[in-house]
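**Student:** I'd like to ask you about the structure that follows.
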Amino acid sequence: MARLTEEMVESFKAVKIFPLATASAAGVPNVAPMGMVFLRDPETIWIVDSFMKKTLKNATENPKAALYVYGAGAKGCLQIKADVTIATAGDEFDAGKALALERKPDLKPKSLLILKVSEVYSCAPGPNAGEKVI
């Protein structure tokens, strides 16, 4: 497991929408924008699911994902690789659901994707593009 640095955490907090990439067991890719994303700690990211179809199916078949961190206020550009587990009940699901409902009370959360950071890569243009930073 990898741990985000303080600068990475600050960049993460500045971003509002995160593209999340998954792939099916057969390797068919899917990218979807995620808004209900919460950094729980430097090693754990929660994504609350109210609408996922392909993303949830992919994460069930192939529990790996990549989250793109880039936007106004972010220092640089990061691609976070993660191992994914899915919760549909329990303390973590209940806590994630509560966080999502604080933002949007009309949501109907179905599941919680729990991403454990495994690697981080730079995606900023230039000579270090694509380099593993953690």
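Each value in this text was obtained by applying a stated rule to the coordinates, not by laboratory testing. In this text the structure is predicted, and so the values were computed from the model without any measurement. No Cβ is skipped: glycine too gets one built from the backbone with ideal geometry, and neighbour counts run over all protein chains shown.
**Student:** Would it be correct to say that Pro29 is without any contact (Cβ under 8 Å) to a residue 12 or more places away in the chain and either closer than 23 Å to Cys123 by Cα or of a type in the set (Asp, Glu) (or both)?
**Tutor:** So Pro29 passes the test.
**Student:** For the range 44-63, check the following and say yes or no: at least one residue is within 29 Å of Gly126 (Cα to Cα) and basic (Lys, Arg).
**Tutor:** No, the range 44-63 has no match at all.
**Student:** Which residue is farthest from the chain's Cα centre (by Cα), if the candidates are limited to the range 2-19 and must be assigned to a loop (DSSP other than H, G, I, E, B) and basic (Lys, Arg)?
**Tutor:** Filtering first and then ranking leaves Arg3.
**Student:** Which of the residues spanning the range 62-101 are surrounded by fewer than 16 Cβ atoms within 10 Å (Cβ to Cβ) and closer than 21 Å to Asn128 by Cα?
**Tutor:** Gly71, Ala72, Gly73, Lys75, Gly76
**Student:** Among the strands (runs of 3 or more DSSP E) confined wholly to the range 20-133, which include 3 or more residues that are under 17 Å from Val9 (Cβ atoms)?
**Tutor:** Answer list for the range 20-133: 37-41, 44-49, 64-69, 78-87, 111-122.
**Student:** Return the total of residues in the range 34-67 being charged (D, E, K, R) and over 22 Å from Arg3 (Cβ atoms).
**Tutor:** Total satisfying the criteria: 5.
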